[in-house]
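Chemist: This is the structure I want to talk about, given as structure tokens.
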Amino acid sequence: MKTLKIAIQKSGRLNEKSVEILKNCGLSFENYKSSLISTVTNFPLEILFLRDDDIPEYVQDGIADLGIVGENVITEVNADVEYLQKLGFGKCTLKIAIPNDSEITDISGLEGKAIATSYPVILEKYLQDNNVNAVVRTISGSVEIGPGLGLSDAICDIVSTGGTLKSNGLKPFAEVMKSEAVLIGNKGIELNEDVIELLQRIRSVLRAKE
Ligand code: ATP
Ligand code: ZN
């Protein structure tokens, strides 16, 4: 059987928990230092350390067989992958937020307004579903400063505790999408012994945590 490949985030919010769950499955490997690939010494598996944004496409294209990534990223890049298992970490919500003193009171109040986001695809779909025409301004980070700079009337960003919103004078306004880390697989993945064994181990680690 060919060695399986699983893609996980190399550094950032999902890295530690992704490594932890694999280690708890009894897999021995060196954590990411500078090499992109780490070989598991006691299971036919290689771990690819990538930026989270690249993971859905790597799995879709079969460069990796499996991946661990946030649902928000999968939806944003429209990746055609198999959802195998929710992993219970990396929980967050994509929310629209407005300045504390904004006169907007409901979704229709966003009509004609500018919304800054790093998630244009998800936001456009949400606006369409709600019959609102707004201007989506795509920026890659620090969207919270948009309203203060006069760049946008609202933002759409990931919120977990709400602290960042608060410190930028913003308040959550509407919930666009809930997300958590999930295990995904290539659509054509062959459910061979190794894949089944790995899935079973992951599921029993998750059960032990309940
Ligand atoms: P990379 O360098 O890999 O591109 P990143 O900066 O895009 O990393 P992180 O901030 O590490 O991404 O977030 C990774 C994922 O963690 C998010 O896509 C989301 O699914 C999840 N997440 C959970 N809580 C938060 C939060 N408070 N802010 C941002 N992302 C969060
Ligand atoms: Zn990213």
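Chemist: If only one of Gly12, Gly26 is within 16 Å of ligand 2 (Cβ to nearest atom) and not in a helix (DSSP H, G or I), which one is it?
Modeler: Gly12
Chemist: Name every residue in the range 146-177 that is in contact (Cβ under 8 Å) with a residue 40 or more places away in the chain and among the polar types (S, T, N, Q), in order of residue number.
Modeler: Residue satisfying the conditions is Ser160 alone.
Chemist: Here is a follow-up. Within the range 54-70, is even one residue away from ligand 2 (no atom under 16 Å from the Cβ), touching a residue at least 12 places away in the same chain (Cβ under 8 Å) and hydroxyl-bearing (Ser, Thr, Tyr)?
Modeler: Within the range 54-70 (the criterion being away from ligand 2 (no atom under 16 Å from the Cβ), touching a residue at least 12 places away in the same chain (Cβ under 8 Å) and hydroxyl-bearing (Ser, Thr, Tyr)), the answer is no, since none of the residues qualifies.
Residue by residue, here is whether (1) in a helix (DSSP H, G or I); (2) of a type in the set (A, V, I, L, M, F, W, C) holds:
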{"residue": "Thr164", "(1), (2)": "yes, no"}
{"residue": "Glu175", "(1), (2)": "no, no"}
{"residue": "Gly188", "(1), (2)": "no, no"}
{"residue": "Leu191", "(1), (2)": "no, yes"}
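Conditions tested, residue by residue: (1) outside the structural domain of Gln85 (by TED's automatic domain parsing); (2) hydrophobic (A, V, I, L, M, F, W, C); (3) assigned to a loop (DSSP other than H, G, I, E, B).
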site	(1), (2), (3)
Glu30	no, no, yes
Ser38	no, no, no
Asn42	no, no, yes
Glu46	no, no, no
Phe49	no, yes, no
Asp53	no, no, no
Tyr58	no, no, no
Ala64	no, yes, yes
Val69	no, yes, no
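Chemist: Sticking with this one: Take the conditions more than 16 Å from ligand 1 (Cβ to nearest atom), in a loop (DSSP other than H, G, I, E, B), in the same structural domain as Ala174 (by TED's automatic domain parsing) and in contact (Cβ under 8 Å) with a residue 60 or more places away in the chain and apply them to Ile104. Does it pass?
Modeler: yes
Chemist: Checking the conditions here, which among Lys5, Lys95 is basic (Lys, Arg), closer than 23 Å to Lys178 by Cβ and assigned to a strand (DSSP E or B)?
Modeler: Lys95
Chemist: Any residue at all in the range 147-157 that is at pLDDT below 95, surrounded by fewer than 20 Cβ atoms within 10 Å (Cβ to Cβ) and not small (Gly, Ala, Ser)?
Modeler: yes
Chemist: Got at least one residue in the range 39-48 being out of contact with any His (no Cβ under 7 Å at 6 or more places or on another chain), within 16 Å of ligand 1 (Cβ to nearest atom), farther than 28 Å from Gly148 by Cα and not small (Gly, Ala, Ser)?
Modeler: Yes, that holds for at least one residue.
The values are calculated or read from the model by the stated rules, or taken from the named source; none is laboratory data. Note that the structure is a prediction, hence the values are computed from the model and not measured. So basically every Cβ, Gly included, is an ideal-geometry build from the backbone, and we count neighbours across all protein chains shown.
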